[in-house]
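Here is the structure we will look at, set down as structure tokens.
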Amino acid sequence: MQTGKKQKGNMVITAKRNRQPIEILPAMNPVKESSQENLTRAFLTFTQAANSLERSYSQLQGEVTRLHQELERANVELDRSLEENARIRGYLAEVLERLPCGVIAASAEGDIKILNPEAGKLLGIPQNWINDKRCAAPSGLERLLRDSTGCPNKTEQEMLFDFRGEARAIGVLRESIQTGSDGTAETIWILRDLTEQKRVAMEKETARRMQALAEVATVLAHEIRNPLGSMELFTGLLSDASAHLPETRQWITHLRAGLRGLSATMTNVVDVYINYLRRKVDSGHDRPLIRTIRGTGYQIGTNGFVS
């Protein structure tokens, strides 16, 4: 088989003489071939870059989805934390409102930050000032801020305040706390009413003194009555022994009468004073402190008032 080749222009004609169709192939220009290769490489690079961008976009989309989920979880946790903080703040506010002692917090400039109802009650602060602190501070509060400045921290100081014409003893405990990095401090006062405690203490002290006085009175009663009884007994013996001596018996009879009168007078004085002590000491108690022992005199016991 012979093949004939002719070149015409940029086309190569190949003639095959084996009765097959003649195939005409284009002739490759070196410049166009180089451009085609560059274009092919460019398309290949673009395809690779597009694939890389697509993978990066998929990864970025997955990362965005993950971050979005984490953000949602963080928001849920934040909402839960805010709700918990609000609940705790409400609980602490309610505890502060119901505390049986007064609590006052003030800044270094004297601005009142916290003042619970018990503090207002103890210092006689009107409710309208608690709700609106723009007007002048009440005298009780001003005195507390002024007079308790020199009080050592964590040391209770007793102060007297006039409340509706009645003196009220208030225990004041002061503490300073640092609130800022610049060293500024706020002051907290804890107030408690000592009036009832002092009244009970005074009653106990009065009862103790009255008990001591009752003990002295009973001892004196025994010390007075015993000698008088002995003297009466002795004069009775002398009267019996001097039955045969009329003049001496007469003197002894006058002596016995004087002793009886003195004994009656002392008995009345002691009884009146003991009854006075009984009204003072035994009032309001089921068991009497001063007991009368028939044939003996008086005895000091305990009625549960004085420990």
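Take 234, 46 and order them by how many other Cβ atoms sit within 10 Å, fewest up front. Don't jump to the answer; show the numbers that get you there.
Details: 234 14, 46 10.
By the 10 Å Cβ count, ascending: 46, 234.
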Under the rule a/c < 1.5 gives rounded, and otherwise a/b versus b/c splits prolate from oblate, where does segment 99-193 land using the Cα gyration tensor?
oblate
Please give the net charge around residue 69, taking every other residue with its beta carbon less than 14 angstrom from that of residue 69, where Lys and Arg add +1 and Asp and Glu add -1.
-2
Order of 135, 101 from fewest to most other C-beta atoms within 10 Å?
135, 101
Charge tally for neighbours of residue 198 with beta carbon under 14 Å away, counting Lys, Arg as +1 and Asp, Glu as -1, is -3
Need the list of aspartates and glutamates near residue 198 for cross-linking: C-alpha distance under 12 angstrom, and skip anything on the same chain fewer than eight residues off.
158
Taking a threshold of 25 Å on the Cα-Cα distance, which of the pairs 121/154; 113/154; 154/204; 121/204 fall above it?
154/204; 121/204
PRE zone check, label point 7 Å out along Cα-to-Cβ of residue 156, amide N under 16 Å, scope segment 194-212, hits 194-202
Once both label points are put 7 Å beyond Cα along the C-beta direction, the residue 280-residue 121 separation in nm becomes 3.5 nm
Could you list which residues have their amide H under 5 Å from that of residue 116, counting only those 5 or more apart in sequence or on another chain, with H placed in the peptide plane?
103
Cβ-Cβ cut-off under 11 Å around residue 161, Lys and Arg +1, Asp and Glu -1: the net charge is -2
Quote the relative contact order of segment 99-193 in percent (integer), defining contacts as alpha-carbon pairs under 8 Å separated by 6+ residues.
31 percent
Likely footprinting exposure, 251, 189, 129, fewest C-beta neighbours within 10 Å first:
251, 129, 189
Stretch gain in nm, segment residue 75-residue 291, where the contour uses 0.36 nm per residue and the Cα spacing is subtracted:
69.9 nm
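Only the coordinates and a few stated rules stand behind these numbers; no lab work does. Not measured: the values here are computed from a predicted model. Glycine also receives a Cβ, built like all others from the backbone with ideal geometry; neighbour counts cover every protein chain displayed.
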